[in-house]
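Have a look at the structure below, then the notes.
The values are calculated or read from the model by the stated rules, or taken from the named source; none is laboratory data. This structure is a prediction, so every number in the text was calculated from the model and none was measured. Glycine gets a Cβ as well: all are built from the backbone with ideal geometry, and neighbour counts include every protein chain shown.
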Amino acid sequence: MGLTLTEKILEAHLVSGQLKAGEEIAIKIDQTLTQDATGTMAYLEFEAIGIPRVKTELSVSYVDHNILQTDFRNADDHRFLQSVAAKYGIWFSKPGNGICHQVHLERFAIPGKTLIGSDSHTPTAGGCGMIAIGAGGLDVALAMAGKPFYLRMPEVIGVYLTGKLGPWVTARDVALYLLSLLTVKGGLGKVLEYFGPGVKTLSVPERATICNLGTEMGATTSIFPSDEITHSWLKAQGREKDFIELSPDPDANYSKVIEIDLSKLEPLCACPSSPDNVKKVEEVAGKKVDQVIVGSCANSSLKDLLIVAEVLEKYRVHPEVCFEINPGSLQVIENLVTLGKFQPLLKGGARIHQCGCLGCIGMGQAPGTNSISLRTFTRNFPGRSGTSPDYVYLVSPETAVASAVKGVITDPRELGDYPEIKLPEKFVINDTLLIPPLPEEEAKKVEIIRGPNIVPLPKFDPLPEDLEGVFLLKVGDNITTDHIMPAGAKILPLRSNLPEISKFVYSRVDENFARKALELKEKGLAVGIVGGENYGQGSSREHAALAPRYLGVKIKLARSFARIHRANLINFGILPLIFKNPEDYEKISQGDKFVIKGIRRALSSGQNNVKIKIENKGEIEATVSLTDTERACILAGSKLNLAASGE
């Protein structure tokens, strides 16, 4: 039986384990990326490991999230990040250069290589034939130190594409169609690998959009073959030498195959307030729109903005709509200017922002009260926009611009003939804001700049023999990392200051959670949290594990966990327990006291079943399926403790 493309790349990077679904494997990592919201902590963790220089082929530190400098904190973090990059042999992408995934696709993505990034949308680089996986900052720090990346071998689902997208139907619509099939948790433990004749009809930026949004299905990663389309993209970027042809074997064995005829798809949208609440645009057409934004790592490429420019050459933005554009990179802007397509955006009524994530991460661009906002962003979780309640629809750039000019949600096919879009045979390249690593001897002389907001990591204690505590919070299904550790302009600047950012844990659910958790911690009691299905979906932000750990959270008991959040919990010594009987979720109330006797002994002996005694309610059972590496991490109290001990 032949191999999938995923298996081929993983096999070439395999350090330990076997490529059997569900088994733990360790792989060599070629490249890493961080962004500034997660990077500050990742580099503090890297420093704690004590390695003088990164050991990867390439590591890049991007500044794209915390780019609003409303006080000294973000500016200080940027100086810290740039000095760390200079010290340790890391590329540095300055503020304004662009969104990490867009820039990485343009300048660094290489077919057949492995990449992990401290951002959940790292799989964007799968559009260029990479195995690219989102991870917590600590996993990225360890990879930079030359350690392998551990994960459970995912199932590989084949997505067989035929046909060609019709006019005004886009790569975003392909991803939304898949979301309607798989939901936000259907990709958990899986890789989505695209193949078939329809692949040849999609450009690299379109493939990247599809891979990017696989994250919203919970997939470990997504990947396209590397073919003549990839070759043309790399050649246009001046990186032809990075090309290698890669494809699955003709008889590759997928665990499941999903067939999609691209020609049958229609414009789709994700309605409030989940990426999988998918409907046809024509079903919701006619609703008044107040704000429209084109941007984010999913849809801010040159191709995306060219279609917007073409429409705005014929139309003007409706007077009652605020139409905003967040370009994906400096390269995108320069090529728009060169092609004569920047001026139509300005004349058409668009508001152009700097290159960065901005409203997608809650950094400004909040919509007005009771207003509808259409966005080409990745997520529309409740309140993520900065306004609550909010009414955010996720759409393609085509649907976005059509709605902006009409003033109501509009099926873009109403605009008539679809403009012909051609990407340049050679892009205008400007790497002025991309700073290469210093030579090793020069790097040794660099002093790292630390502002007052840069706070060293605390030590985390090992798992005790017994756990006694209180279930301080009980939540439902599909809890996101935005619920646990909110983003936004008020909180993001605290990413390098654990004591301060911890004050906001679960603040949008219970504003007194942090205070009550610290009170329990001071009494020597563990804090527990109870959740439903798919607990911790969304962003890779490790602060959603790190900050609760600082507050004394020792266990999270749920019906199921999202992949990255579960890994982050383990990295910081929080035990992710699963209800053995899902109905036991109903037996626990917020505020219940619990005792777990002999938990350290049980885990040390390899047990997977845990008995939890609930005061006045008897016992329930939970399971904890841990690999040997994960078990050692929980026992040690954190993966950082393991690394420091040389294990």
- prompt: If you take the residues in the stretch 185-212 that are crowded, with 24+ Cβ neighbours inside 10 Å and aliphatic (A, V, I, L, M), which one is farthest from Ser560 (Cα to Cα)?
  reply: Val204
query: Within the stretch 616-635, how many residues are within 27 Å of the chain's Cα centre (by Cα), part of a helix (DSSP H, G or I) and of a type outside the set (D, E, K, R)?
result: 4
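Considering each of Leu330, Leu305 in turn, give the residue that is crowded, with 16+ Cβ neighbours inside 10 Å, among the aliphatic types (A, V, I, L, M), over 19 Å from Arg375 (Cβ atoms) and not assigned by TED's automatic domain parsing to the domain that holds Asp173.
So the residue among Leu330, Leu305 that is crowded, with 16+ Cβ neighbours inside 10 Å, among the aliphatic types (A, V, I, L, M), over 19 Å from Arg375 (Cβ atoms) and not assigned by TED's automatic domain parsing to the domain that holds Asp173 is Leu330.
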task: Can you run down the residue pairs with Cβ atoms below 7 Å, 6 or more apart or on separate chains, where the first is in the stretch 516-533 and at pLDDT 95 or above and the partner is among the basic types (Lys, Arg) and in a helix (DSSP H, G or I)?
output: Val527/Lys521
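Run down Lys556, Lys613 and say which single residue is in contact with an Asp or Glu (Cβ under 6 Å, 6 or more places away or on another chain) and either in the same structural domain as Arg152 (by TED's automatic domain parsing) or in a strand (DSSP E or B) (or both).
Unique residue meeting the criteria: Lys613.
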task: Could you run through the stretch 213-242 and say how many residues are on the phi > 0 side of the Ramachandran plot and either surrounded by fewer than 17 Cβ atoms within 10 Å (Cβ to Cβ) or without any contact (Cβ under 8 Å) to a residue 24 or more places away in the chain (or both)?
output: 1
- prompt: Within the bounds of the stretch 350-357, is there any residue that is buried (at least 23 other Cβ atoms within 10 Å of the Cβ), within 23 Å of Thr480 (Cα to Cα) and not aliphatic (A, V, I, L, M)?
  reply: yes
task: Run down Gly127, Gly158 and say which single residue is in contact with a Phe, Trp or Tyr (Cβ under 7 Å, 6 or more places away or on another chain), modelled with pLDDT of 95 or more and over 19 Å from Glu259 (Cβ atoms).
output: Gly127
message: Just to confirm my filter: which helices (runs of 4 or more DSSP H) fall fully inside the stretch 461-533 and include at least 1 residues that are basic (Lys, Arg)?
response: 513-522
task: Inspect the stretch 395-418 for any residue being outside any loop (DSSP other than H, G, I, E, B) and without any contact (Cβ under 8 Å) to a residue 24 or more places away in the chain and give the result as yes or no.
output: yes
